[in-house]
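Enquirer: Right, I'll just put the structure down here and ask away after.
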Amino acid sequence: MKELLTRLTAAFGPAGREEEVRSLLKQELTQVGGPDAVVDDLGNLIVTRGKDADQKILVAAHMDQIGFMVTFIEENGFLRITPVGGIQAKSLPGMRLRFGGGTTGVIGQEKLKAQKDLDFSKLYVDMGVNDREEAEKQVQIGDTAVFDAPLVMEGNRYIAGAMDNRAGCTVLLETLRRLPTDLPQSVCFVFTVQEEVGLRGAQAVSYRLNPHFGLAVDVTRTGDTPEPQFKTPLSLGKGPAIKIRDSSVICHPRVTALMRRVADQNSIPHQFEVLEQGGTDAGAIHLSRAGVPTGAVSIPCRYIHTPGEMVDSADLENGVSLLLALLQTEWKW
Ligand SMILES: [Zn+2]
């Protein structure tokens with residue numbers, strides 16, 4: 001999976017501009033074979049597997065990543081930016097950004113009386129140009145950028161800027177590759193858009209597909225670092241997490257019970273996730289139409305929404321194993 005994850009984390013895909021990630025996934029999907037993928041009007045990529053059964057599961061992983069959008073270009077060529085998704089201004093000075101066109105910029109900050117007052121209005125991006133005219137040759141108002149943070153592997157761990165959620169995309173694609181064609185229900189794999197700005201792609205695609213059950217695959221925060229901000233027993237390397245709740249969803253108890261049973265029966269290491277802040281596509285899926293029983297598989301990840309997002313390779317493998325086992329189990333109850 002390393003090679004796939006390397007390419008997916010290198011792809012440019014801030015929320016609303018997922019084209020590069022989508023075309024990379026489409027290329028990979030052609031090698032998997034089977035019916036063609038469908039792209040809806042918002043850009044969600046949909047692949048259906050299994051017979052036309054009366055039970056249908058939607059499995060979603062978002063393609064987009066957090067990023068930045070240019071709001072203003074100063075006379076002297078410095079750019080002003082606004083966040084696309086949840087990013088804390090205080091972590092940004094000195095960071096490198098990469099624009100869609102390939103240009104690199106460095107984030108700087110204005111002088112402040114107190115560093116705690118730092119917000120986006122005090123930050124700027126320096127592209128090494130001398131004035132607005134030169135800047136406009138590289139970027140325009142509304143152009144977007146992402147952290148310039150390609151993948152590296154240290155021990156069993158992968159580190160990259162877009163692990164949220166190319167880790168989930170990798171797990172989904174790898175599951176698709178290994179999944180037999182004979183399934184007890186039909187499964188719609190969806191690579192969604194605009195999760196980071198409010199689960200928007202998942203909302204539209206859930207309406208379209210009208211599934212009986214939903215499952216999201218995304219990353220989640222761990223508590224296995226010195227004095228973590230949020231206390232949680234989740235650790236890297238101890239298996240994918242079965243989500244119980246986050247800010248966007250309380251997972252359906254029958255779905256979590258099924259996930260727990262399938263993980264136990266197949267001896268797949270797993271953990272349980274109660275996330276105090278943050279959401280995922282499951283939040284939009286479960287509220288679609290008249291309601292959809294929904295759960296989520298979460299890949300433990302340290303330093304979420306920074307250039308240092310870190311996951312464990314065994315958690316990715318076990319995430320694939322859990323999904324494969326879940327999708328070969330009949331979901332009727
Ligand atoms: Zn995510």
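Enquirer: Can you tell me which residue is surrounded by the most Cβ atoms within 10 Å (Cβ to Cβ) among those in region 6-29 that are of a type in the set (A, V, I, L, M) and either in the same structural domain as Gly142 (by TED's automatic domain parsing) or assigned to a loop (DSSP other than H, G, I, E, B) (or both)?
Expert: Out of the qualifying residues, it is Ala15.
Enquirer: Let me ask you something else. Hey, does region 226-238 have a residue that's more than 13 Å from Ala282 (Cα to Cα), within 16 Å of the ligand (Cβ to nearest atom) and either crowded, with 24+ Cβ neighbours inside 10 Å or modelled with pLDDT of 95 or more (or both)?
Expert: Scanning region 226-238, I find at least one residue that is more than 13 Å from Ala282 (Cα to Cα), within 16 Å of the ligand (Cβ to nearest atom) and either crowded, with 24+ Cβ neighbours inside 10 Å or modelled with pLDDT of 95 or more (or both), so the answer is yes.
Enquirer: If you don't mind, there's one more thing I want to ask. Cβ contacts < 6 Å: first residue closer than 21 Å to Ile107 by Cα, restricted to region 148-163; second residue basic (Lys, Arg), any location; separation 6+ or different chain. Result?
Expert: Pairs found: Asp148/Arg96; Asp148/Arg98.
Enquirer: Now for a different question. (1) modelled with pLDDT of 95 or more; (2) more than 12 Å from the ligand (Cβ to nearest atom); (3) in contact with an Asp or Glu (Cβ under 6 Å, 6 or more places away or on another chain): which one isn't true of Val171, the others all being true?
Expert: Here Val171 meets the rest and fails (3).
Enquirer: What is the one condition in (1) free of Cβ contacts under 8 Å to residues at least 60 places away in the same chain; (2) within 16 Å of the ligand (Cβ to nearest atom) that Asp218 does not satisfy?
Expert: With (1) free of Cβ contacts under 8 Å to residues at least 60 places away in the same chain; (2) within 16 Å of the ligand (Cβ to nearest atom) applied to Asp218, the lone miss is (1).
Enquirer: Which of the residues that make up region 252-266 are farther than 18 Å from Asp315 by Cα and either within 16 Å of the ligand (Cβ to nearest atom) or among the small types (Gly, Ala, Ser) (or both)?
Expert: Ala257
Enquirer: The conditions are (1) within 16 Å of the ligand (Cβ to nearest atom); (2) touching a residue at least 60 places away in the same chain (Cβ under 8 Å); (3) surrounded by fewer than 21 Cβ atoms within 10 Å (Cβ to Cβ); (4) at negative phi, and Val32 fails exactly one of them. Which is it?
Expert: It is condition (1) that Val32 fails.
Enquirer: In region 46-100, which residues are within 16 Å of the ligand (Cβ to nearest atom) and in contact with a helix residue (DSSP H, G or I) (Cβ under 8 Å, 6 or more places away or on another chain)?
Expert: Val59, Ala60, Ala61, His62, Met63, Asp64, Gln65, Ile66, Pro83
The values are calculated or read from the model by the stated rules, or taken from the named source; none is laboratory data. Being a predicted model, the structure only gives us computed values, none of them experimental. FYI the Cβ positions are ideal-geometry reconstructions off the backbone, even for glycines, and counts take in every protein chain you see.
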